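Peer 1: A single structure is presented below for examination.
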Amino acid sequence: MSTIAPGISVERWTASSRMTLAAMMVAIGLLAAVPSVSSAGVTDRMTVLFIYVILAAMWNALAGFGGLVSVGQQVFFGLGAYFTIRLADAGLDPFVSLLAAAVVTGAISLPLSWLMLRLKGGEFAIGMWVLAELAHLLVNLDRLIQGETGTSLISLNVYDSGMRRVAIYWLALAAMVGLLGALFALMRSRAGAAMQAIRDNEDAATSVGVRVAATKRLLFVLAAFGIAVAGGLWLATAVTFQPKTYFSVQWTAYMIFMVLVGGIGKFEGAILGAILFFVIETVFGGAGVWYLVGLGATAVLFSLYLPRGLWGEIERRFDLQLLPVGYRLTFSDLFKDKQ
């Protein structure tokens with residue numbers, strides 16, 4: 001906390017945020033031990049939850065913090081899985097391929113950003129969807145993939161199924177913690193403040209010296225890398241790869257739903273939204289088409305009656321910030337009395 005005037009201070013950390021970080025450290029330690037005390041089914045489901053958290057956090061970073069609303073982020077999910085298949089087929093260990101594929105996808109997203117970030121608003125959103133469809137068509141041309149028939153990450157079979165399940169779980173947990181940590185640190189840096197300034201008013205941000213293009217590019221590449229990690233992890237759990245599944249717009253729809261329900265532009269909101277989506281899927285996922293109808297109806301209701309999302313509403317009502325990425329002013333009682 002720093003004082004900027006008598007009775008007025010700026011703070012970033014609160015008692016609740018410090019307690020939250022301590023609790024999260026404990027929770028991570030407990031989660032790491034889950035495979036040794038739970039069934040294979042629970043381990044698999046928890047792996048899925050970690051992937052959902054990554055997807056929600058990355059889309060929230062792009063749209064919630066950067067103002068770049070995309071309906072085509074499935075392009076990086078699909079490419080993360082595709083390059084994992086390709087690198088493994090070239091002889092690389094499948095687990096190494098998973099991480100290397102995310103790096104390759106992130107590298108590809110850099111030149112793509114020069115083109116896509118020239119688009120604004122709805123043009124950017126639709127442009128990303130077009131890019132995803134184009135990538136889908138190009139992947140289908142690869143003979144290894146066999147069109148929509150797809151292929152499998154057969155090199156995973158060299159590992160015992162039990163060992164493989166645990167390794168994927170730990171990789172997903174480490175990826176989630178690492179990406180959330182990197183995003184949290186980024187959003188609390190000068191670059192993070194610049195991103196939020198661009199989101200709020202790009203012209204004003206430019207006028208005060210913010211490097212708009214470079215800042216947007218950083219966020220674009222980070223989101224691409226994180227979503228590619230999620231795509232590779234999903235492939236490792238499912239083993240099979242079919243382009244129409246991995247390049248489906250449903251993945252971006254899920255990301256939007258999680259962030260919308262949890263609270264767009266709130267670090268905690270993406271995590272809460274992913275957990276809620278995971279619970280809904282676990283309970284109602286077997287309902288077929290009615291499950292998707294229910295998701296759509298829920299999204300509409302939240303847009304109408306809780307536009308801030310659950311965490312946004314909690315923050316507004318109780319002034320609670322567990323993982324603050326911005327600054328807040330506090331006023332001493334003496335200052336309040338003078339007012």
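Peer 1: Under a crude label model (7 Å from the Cα following the beta-carbon direction), how far is residue 316 from residue 138 in nanometres?
Peer 2: Simple spin-label model gives 4.2 nm for this pair.
Peer 1: Here's something else I'd like to know. Under 5 Å between amide H atoms, partner at least 5 residues away or on a different chain: which partners does residue 152 have, H built in plane at 1.01 Å?
Peer 2: Residues meeting the amide H criterion: 241.
Peer 1: Could you give the distance between the Cα centres of region 286-303 and region 180-236, to the whole Å?
Peer 2: When both Cα centres are located, 30 Å separates them.
Peer 1: Considering the chain as a Gaussian network with a 10 Å cut-off on Cα pairs, which listed residue, 172, 182, 274, attains the greatest mean-square fluctuation?
Peer 2: Residue with maximal mean-square fluctuation among 172, 182, 274: 182.
Peer 1: Give the range of the longest stretch in the chain that excludes all chymotrypsin sites (Phe, Trp or Tyr not before Pro) found in loop regions by DSSP and having at most 14 other beta-carbon atoms within 10 Å.
Peer 2: 14-326
Peer 1: Rolling a 1.4 angstrom probe over the protein heavy atoms, how many square angstrom per residue are accessible across region 164-314?
Peer 2: I get 43 Å² per residue for region 164-314.
Peer 1: Per residue, what volume in Å³ does the Cα convex hull of region 88-153 take up?
Peer 2: 99 Å³
Peer 1: In the Gaussian network model of the chain, springs joining C-alpha atoms below 10 Å, which of 153, 144, 99 carries the largest mean-square fluctuation?
Peer 2: Comparing 153, 144, 99 in a Gaussian network model of the chain, the most mobile one is 144.
Peer 1: Answer with one residue from 210, 112, 166: the one whose Cα lies farthest towards the positive end of the charge dipole of region 12-248, charges on Cβ with Lys, Arg +1 and Asp, Glu -1.
Peer 2: The one lying farthest along the dipole's positive direction is 210.
Peer 1: Give, rounded to the nearest 20 debye, the magnitude of the charge dipole that the chain has about its Cα centre when Lys and Arg contribute +1 at Cβ and Asp and Glu contribute -1 at Cβ.
Peer 2: 540 debye
Peer 1: Taking only Cα atoms, what is the 0 to 90° angle, nearest 10, from helix 121-140's long axis to the longest principal axis of the chain?
Peer 2: 20 degrees
Peer 1: Below 8 Å between Cα atoms, with a sequence gap of 6+, how large is the relative contact order for region 12-248 in percent?
Peer 2: 38 percent
Peer 1: Running Debye on region 28-81 with equal point scatterers at the Cα sites and no solvent, what base-10 log of I(q)/I(0) appears at q = 0.20 Å⁻¹?
Peer 2: One equal scatterer on each Cα of region 28-81 leads to -0.79.
Peer 1: Starting at the first residue of region 309-320, write each ³J(HN,Hα) from the Karplus equation 6.51 cos²θ - 1.76 cosθ + 1.60 with θ = phi - 60°, in whole Hz, x for Gly and Pro.
Peer 2: Per residue, the Karplus-derived 3J(HN,Hα) values read x, 4, 5, x, 5, 4, 5, 5, 6, 10, 6, 10 Hz.
Peer 1: Shifting gears a bit: Between residue 27 and residue 154, how high is the FRET efficiency from 1/(1 + (r/R0)^6) when r is the Cβ-Cβ distance and R₀ = 25 Å? Nearest 0.05.
Peer 2: 0.10
Peer 1: Report, in deg cm²/dmol and to the nearest 500, the calculated mean residue ellipticity at 222 nm for the chain, where each DSSP H run with n ≥ 4 adds -39500 (n - 2.57) and the sum is divided by the residue count.
Peer 2: The helix-only estimate for the chain comes to -23000 deg cm²/dmol at 222 nm.
Peer 1: While we're on this one: Place a label point 7 angstrom from the Cα of residue 42 along the Cα-to-Cβ direction, then list the residues of region 253-284 whose backbone nitrogen is under 18 Å away.
Peer 2: Residues 279, 282-283 fall inside that zone.
Peer 1: Mind running the shape call on region 186-329? Use the C-alpha gyration tensor, a ≥ b ≥ c as the square roots of the eigenvalues: rounded below 1.5 for a/c, prolate if a/b tops b/c, oblate otherwise.
Peer 2: Note, shape of region 186-329 comes out oblate.
Peer 1: Counting only protein heavy atoms and using a 1.4 Å probe, what share of the accessible area of region 179-309 belongs to carbon plus sulfur, as a whole percent?
Peer 2: Carbon-and-sulfur percentage of accessible area, whole number: 67.
Peer 1: Not counting ligands, DNA or RNA, and with a 1.4 Å probe, what is residue 216's accessible surface area in Å² rounded to the nearest 10?
Peer 2: Here the accessible area works out near 20 Å².
Peer 1: Pull out a ≥ b ≥ c, the square roots of the eigenvalues of the alpha-carbon gyration tensor of region 12-248, then state rounded if a/c is under 1.5, prolate if not and a/b is larger than b/c, and oblate in the remaining case.
Peer 2: Verdict is oblate for region 12-248.
Peer 1: Moving to a separate point now. Convert each backbone phi in region 176-184 into a coupling constant with the Karplus relation 6.51 cos²θ - 1.76 cosθ + 1.60 (shift: θ = phi - 60°), then list the ³J(HN,Hα) values in order as whole Hz, x for Gly and Pro.
Peer 2: 4, 5, x, 5, 5, x, 5, 5, 4
Peer 1: Work out from phi, with θ = phi - 60° and the Karplus expression 6.51 cos²θ - 1.76 cosθ + 1.60, the ³J(HN,Hα) of each residue of region 197-207, listed in order in whole Hz, and give x for Gly and Pro.
Peer 2: Values, residue by residue: 5, 5, 4, 6, 6, 5, 5, 5, 4, 4, 5 Hz.
The values are calculated or read from the model by the stated rules, or taken from the named source; none is laboratory data. No experiment lies behind these values; they were computed from the predicted model shown. Cβ sites come from the backbone with ideal geometry, for glycine too, and all protein chains shown count toward neighbours. Note: areas computed on protein heavy atoms with side chains; ligands, DNA, RNA excluded. Shrake-Rupley method; radii C 1.70, N 1.55, O 1.52, S 1.80 Å.
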